[in-house]
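Before any comments, here is the structure.
What follows is calculated from the coordinates using simple rules that are stated; it is not laboratory data. Everything numeric here is computed off the predicted structure, so don't read it as measured data. All Cβ positions, glycine included, derive from the backbone under ideal geometry; neighbour counts span all protein chains shown.
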Amino acid sequence: MGKSLTLILGGARSGKSAYAQQLAEAHHGPVLFVATAIAFDDEMAARIKVHQVERPKDWHTLEAPTSVGQAILNCQSPASLVLIDCLTLLANNVILALPDPENATASQTALDEEIESLIRAYEASSAEWLVVSNEVGLGLVPPYPLGRVYRDVLGRANQRLAKAADRVLFMVAGLPMVVK
């Protein structure tokens, strides 16, 4: 397909990651899988292990919980497709690393910097990119400050990536809907 940026959005368990993986598996060329998850507990460690087993063995995996754009630029593995799974956990990692994650301005600034670095890395790349993220604005307003900050900051990050993207897909019950 050539250089392009596709943002794949959806709710929890909407099939985002599975669909992105299907697209990447159909790609003819080297794939760089960028994993942003951190195993904070046993459940998350088990989820990560399942994802590792499900990935094709010939893909190169880059574990980058933050500074993803720079990590991709520094990566020595050739790739004609970059799959980032996922922006949702990247936002979590960036925000929770702050001294006061409930500070909306600081959280927004930190994630904006991360997104701009990601976009610069994409622009410097000749690869096709797939970025997976949760659409967190469709549910209830979170009842606690950190939840509201997270929802707002991730929502703005999704908007920024959607603007830069060539294509935006919205997953519903495992089915992709073309938004852009």
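Tabulated results
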item: The stretch 4-178: antiparallel DSSP beta bridges as a percent of all, rounded to 5; result: 15 percent
item: Inter-site label distance for Cys75 and Ala106 at 7 Å from Cα along Cβ, in nm; result: 3.0 nm
item: Pairwise FRET efficiency - Arg167 versus Glu25, Cβ, R0 = 25 Å, nearest 0.05; result: 0.90
item: Zero-based 10 Å bins, Cα pair distances in the stretch 1-115, whole percents; result: 12, 42, 35, 10, 1
item: Spin-label pair Ile48/Arg120, simplified geometry with 7 Å Cα→Cβ offset, distance in nm; result: 2.7 nm
item: Ranking of Ile8, Ile95 by count of other Cβ atoms within 10 Å, fewest first; result: Ile95, Ile8
item: Mean Cα-pair separation over length for the chain, i.e. relative contact order, pairs under 8 Å, 6 or more apart, %; result: 37 percent
